[in-house]
Every structure is written in structure tokens, then in C-alpha cells.
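Every number here is computed from the coordinates shown, using simple stated rules; none is lab data. Here the structure is a predicted model, which is why all the values come from computation and not from measurement. Cβ coordinates were reconstructed from backbone atoms using ideal geometry, including for glycine residues, and neighbour counts include every protein chain displayed.
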Amino acid sequence: MTFSPNLEARFAKLVTSYPPGRERSAMVPMLLYAQDEIGAVTPELVAEVARRLNVTPLQVEEVLSYYSMLHRKPLGKAHVQICTNISCLLTGGEDLWHHACARLGIGHKEVTPDGQISLEEVECIGACSWAPAMQVNYDFFHKVTPERLDQILDGLRKTQ
Amino acid sequence: MLYNEPSPLEVKVLTRRFSLPHSETIDTYLATDGYKAFQKALGMKPEEIIEEVKVSNLRGRGGAGFPTGMKWSFVPRTSLKPKYIVVNADESEPGTCKDRVLIENDPHQLIEGMLIAALSVDAHAGYIYVRGEYRYLIEILDKAIAEAYDRGYLGKNLLGSNFSFDAYTHSGAGAYECGEESALLESLEGKRGIPRIRPPFPAVVGAFQCPTILNNVETYCAAPAIIRDGGAAFAALGIPKAGGTKLTCLTGHVNKPGVYELPLGFPVDKMINEVGGGIRNGKKLKAFIPGGSSCPVLTAEECEGLTMDYDAMAKRKTMLGSGGVVIMDEDTCMVKVALRIMRFYAHESCGWCIPCREGTAWLRKILTRFHDGMGRRDDIVLIGDLAKNMLGRTFCPLGDAAALPTISIVEKFREEFEAHLDEKPCPYEKASQLVMA
């Protein structure tokens, strides 16, 4: 498999970041960065990461299944993650969640039919003092109201 | 970037650069005494550095509150194995968002803290384990690390000494359990984040099976101030046995939620009403979580005369924890709170220890049934029994973290559980929410 020069550079740095013989340490970041580029952790990617880190594909599979941000199927181009954990719950996170489901017509870990937007109810994302909070891919949005959520979702449609 | 207005009641030590322009750059850092503590530490013996940290009464800021100087002293400095510095930036404890602002606004303070820790145990490499969701912080850290290499604060023969140190960022990929020290080390080695049995502790057998200092971001960030101004000065900011300041995240039903740096021993009442501007909409306080959802919940009465410190919280049978304060007003349904907390732990249990894996899943099911009005009177006792049977029966503290708040809520708010019996709708739920649920 070939990756973009940026990702190759990142991989090259990662495998030398750990003590000699500990290249396997690069596995989780490698899978996540590669997923960002190709959209999902495909069987080909599993084989490629295994080859590069000198482990078996099964050893990659067992790691892959543990981490909630790693997934085998592609998400939407914009992955909308709404937190409903305690601090967000107290400040309207659940309302936002239901609002987003109704608005997009999809539920937890589902993707819109055009493949543009996916939705996930997530656990605490570390924005508790500025709750309710959400992320679109890696971007944070704080103190989100239903109106603001509409604007964010409309913006996603327009930019795609 | 600051996400909330600072409070005049704050004592700014770790956050003192936050309002400066370009506070994340090495130029701002160097212009404000940056890396001076490292320079000073280079001239100190390792035992002198550790002694200074002991004098500071700094206790671990990740949640356990273990004395930091003592932790550093457990590392076998003369071991022939390499020693490592690992930073826990896997901030995932619900209610906690302080490490994020520390890294975002002053990444060099963290790097300098790592350097000081490294000098105290003769370590030459350090890893910052950042939760995957905080991608932008990895970019900020990578930039800061590159700046530090450029200016000679990372790399070989630093400031003309024999001391060399390399720093790396390492991304997680979504797992609360990886904030637990031994699971974090497994994850750093490219494995599933399941906990290790202890002893041996990471100080002796840590990263890559070598001696390791593993602390929270905020703990390392305190080290430059301690070395620069002396451990005694840092200790004097707090109270006996708990030195310095603590970044406190006010969250929930409060007028001015935000991250504030407050001295240890700060009164809870003053924190809610003056720093936080009081409870929203003029409501009354019902319940209080001092430091993240793993802590037993306190009632409003239990908060009277309480101060934010490790021992005062222990006397109330709870914990100071990570600094994630959750404030709940009189309209909060405590059954729902117990359910939401348990849903989280059931989701995050790594499944390694059966009492935690099964206990959290069953408690989630029972609490769901209860909140839906299908609970049985016996369930109230069952919830408490199930939770108590998890305590102390797991490799890592996640089992306890799930059980303790549950036990506290059932014991202290039993009448709310009774109010949900006999197919009655949740008395606190708005009509609209019932329709949507």
C-alpha cells in the first residue's frame, strides 16, 4: 500500500520514536493516522501495518477492536460526535443528541445515505466546562445550542 | 486560547502565561523565565531535585493524589536499564478538561517539567500519551517539541551539559481505560489497554519494562515553578500535606463554568458562589462531585464547611480526584445521573476483570430499567449490593470508579429511587424529553 508523502513521513518518524525492537509501539497512532487518510481500517491496511511493524495481522486485529476511534467501515466525511456524559447531560447534551438524530435522520454510528455525515453519541471529550460540547472530526464546538447545531450541520452540507 | 474568563480569586502559577499573546511559543516562554528551572536543575543533584519536590507537598494531579516526590524517589536511579518519563495526557475523566488548557496554552511548561523529572532519575527519553480526540494538542506539542530542539532544550548535551533528552508525542485512539497508568503503558507498547497487576509498580517496571516516572500533565507542569521558586514557596500556596494550586474545572449547573486555578484548601462554598457565580437560575445545590465521575457524590449538606483538598475530601469519604467538579441543582434526577455514569463505565470497562465487566453491564441494565419506571423495590438493594461486590476485586481502579459513585447515590438519594417505582414517570423529566426517549 502507498500513502501520501505526509503520512509516510509521519510513519517514518513514528517507527524511530521508540526504543530499538519496540516498533510495535507505533501501532495505535499509525492505525489512527492512516484511518484519517483512507477513511477506515481496511483488511489491506491491517496487513500493511502488520508488515511494517513486523507483527501478525491478528496482532493488529486484536488492538484494532479495542479502541473506539478505530473502525473498519468508513464514517461520513464529517463525523459528528455529540457528548452526553455527565457535564453535557446537565447542560442539554441529550437534547442536542436527539435534535441531531432527527435533523439528519440517522442514529448512533450511522451514516447519511450520501456518505457525507455520520453521527455518534460519544463519551466525555474533555470540554466539560464549556458544555454541551461536540466534535466534528477533530474540531471542537463549545456551549452548543440547538440553533448553533443547525448552523454547524448546515455548514457541513455546504462545504461538501 | 482561553475558553472562559479568569476569576480574580485565582492564584495563577501554572496558568500565569495563559493570557499572554502567543503563550504557546518558546519565545513567550523564554521571555517569562521559561527553562530557567531546567537550567537550575542541571546544577542540582538528583536527590536535591527530588527533595525539593517532596518539600513542595505536590501530590499527583491525575486523581490519586500520591505524593509526587515520593513517587520519583521510587525509581531505581542507578539501574542499568534506561529510564523513561511518561506523561499521562489521556484526560478522559468525565468532568475534567484542565490538561487540555495546560497543553494548549503553555506546552513548554510541560516539556520543562519532563526535563526536570528526567534529571531526577537520569532518564533520556519521554513520551506524552495524548488521547486521540485531542489531535490539535498533538500538533501544538509537536510544534513546541520542534522549537525546543531548535533552541537546544531538547536533544543532545543540553545547555552544554552531559545531559541528553528526547521527547515524543504518542496518540491514543479512544479508550478511557488508557488513562489508568498500567493500561496506558500497555497501549504505549502497541497493545490493548488492559491493566497490569502491581507490584511491580511503573517506577520499577514501567514503559518497555524499564523504570518509569508516570505522572499527569498538571503534575509535571508544577515542577518548573517548584524548582524555580523553591518547594517551600509552592507548598505555602496550599495547606499542610497538600501544596500549591489545583486546576479546577467547574462544570454543570453553575453560572460561570470554567477552568480556574485555585489554591489547595479553597472553600467549596466560595468556589461555587464566587468563582462560579452561583447555581444557575437561582436554584439550590442538590449534589456535588469533587473531582470527576469516579468520586462518591456529596449532598449539599455535606458540602458545608468543606474545602477542596485531599484530606478534607477523604474525611467526607470522597476524593479530590482530577479536579472535575460537577455541580447539580435541585431539579437534577439522581437516578438519571447514576444511570449516565454507569453507562459510561460499562462502555469503558476493558473487560479484563470479570467483576467490573459484568458488574458495570448489569448495573447499567438495572439502572436503565429503574429510570424507565420498571424498577422493582428490591432493585434498590440489589444496585448497592452489586456495586459493593465490585469494590477491590479488579486489577485497576475502574471497577471501584464505577461502584463508588453508584453506592453513594443509592445511599444518599434513596427517596429518588423510590419515587421512580411503580411505573411512575421520572419526576424530574420534562414532558418533551419523555416523548423523545
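Provide the packing ranking of A:145-151, B:105-111, i.e. peptides ordered by the mean count of other C-beta atoms within 10 Å per residue, highest first.
Values: A:145-151: 13.7, B:105-111: 26.1.
Top to bottom by mean Cβ count within 10 Å: B:105-111, A:145-151.
The share of Cα pairs per 10 Å bin across region A:35-110, counted from zero up to the longest distance, runs 16, 36, 26, 17, 5 percent. The spread of Cα positions in region A:47-160, taken along each principal axis and listed from longest to shortest, comes to 49, 32, 20 Å.
Arrange B:Cys350, A:Cys128, B:Cys221 by Cβ neighbour counts within 10 Å, fewest through most, would you? Walk me through the intermediate numbers first.
Numbers: B:Cys350 23, A:Cys128 34, B:Cys221 28.
Ranking B:Cys350, A:Cys128, B:Cys221 by Cβ neighbours within 10 Å, fewest first, gives B:Cys350, B:Cys221, A:Cys128.
Expressed as a fraction of 2.2 N^0.38 Å, the C-alpha radius of gyration for region B:318-357 is 1.47.
Return the Rg/Rh ratio of region B:1-117 with Cα-based radii and a Kirkwood Rh. Mind showing how you got there, number by number?
Working: Rg = 15.7 Å, Rh = 16.1 Å.
Rg/Rh: 0.98.
Taken as Cα centroids, region B:257-276 and region B:89-154 sit 26 Å apart, rounded to the nearest whole angstrom.
Database remark: amide H of B:Ala125 closer than 5 angstrom to the amide H of B:Ile85, B:Asp166 (H placed geometrically; neighbours at sequence offset of 5 or more, or on other chains; Pro and chain starts carry no H). Computed from the Cα positions only, the extents of chain B along the three principal axes stand at 75, 45, 38 Å, in decreasing order.
Evaluated at q = 0.06, 0.07, 0.09 Å⁻¹, a Debye calculation over the C-alpha positions of the protein assembly as shown (equal weights, vacuum) places log10 I(q)/I(0) at -0.29, -0.40, -0.69. Based on the alpha-carbon gyration tensor of region B:279-350 and its eigenvalue square roots a ≥ b ≥ c, which shape applies: rounded if a/c is under 1.5, prolate if not and a/b is larger than b/c, or oblate? Since a/c reaches 1.5 but b/c is at least a/b, the shape of region B:279-350 is classed as oblate.
Run through every distinct alpha carbon pair of region A:5-64 and return the Kirkwood hydrodynamic radius in angstroms, one decimal place. Show your work: numbers first, answer last.
Working: mean 1/r = 0.0873 Å⁻¹.
By the Kirkwood definition, the hydrodynamic radius is 11.4 Å.
Sequentially through region B:382-392, phi angles give Karplus couplings (6.51, -1.76, 1.60; θ = phi - 60°) of 4, 4, x, 5, 4, 4, 5, 6, 8, 4, x Hz, Gly and Pro residues having no value and appearing as x. Expressed as a fraction of 2.2 N^0.38 Å, the value expected for a compact globular protein of N residues, the C-alpha radius of gyration of region B:334-436 is 1.05. Under Stokes-Einstein, with the Kirkwood radius over Cα pairs as Rh, the value for region B:245-329 at 20 °C and 1.002 mPa s is 175 µm²/s.
Quick one: putting +1 on the C-beta of Lys and Arg, -1 on the C-beta of Asp and Glu, what dipole do you get for region B:245-329 around its Cα centre, in Debye to the nearest 20?
Here the size comes out at about 220 debye.
Remark on B:Lys246: its backbone amide H falls under 5 Å from those of B:Leu262, B:Leu264, a criterion applied only to residues 5 or more positions apart or on other chains, H modelled at 1.01 Å from N. Structural size metrics of region B:26-237, computed from C-alpha coordinates, are Rg and Dmax of 15.7, 45 Å. Each residue of region A:37-50 was assigned a 3J(HN,Hα) from its phi angle through the Karplus curve 6.51 cos²θ - 1.76 cosθ + 1.60 (θ = phi - 60°); the sequence is 7, 9, x, 6, 8, 7, x, 5, 5, 4, 5, 5, 5, 4 Hz, with glycine and proline shown as x. Residue pairs exceeding 24 angstrom between C-alpha atoms, taken from A:Lys109/B:Lys143; A:Lys143/B:Lys191; B:Lys98/B:Lys256; B:Lys12/B:Lys45: A:Lys109/B:Lys143; A:Lys143/B:Lys191; B:Lys12/B:Lys45.
Straight Cα distances below 12 angstrom link B:Lys365 to the aspartates and glutamates B:Asp379, with same-chain residues fewer than 8 positions distant left out.
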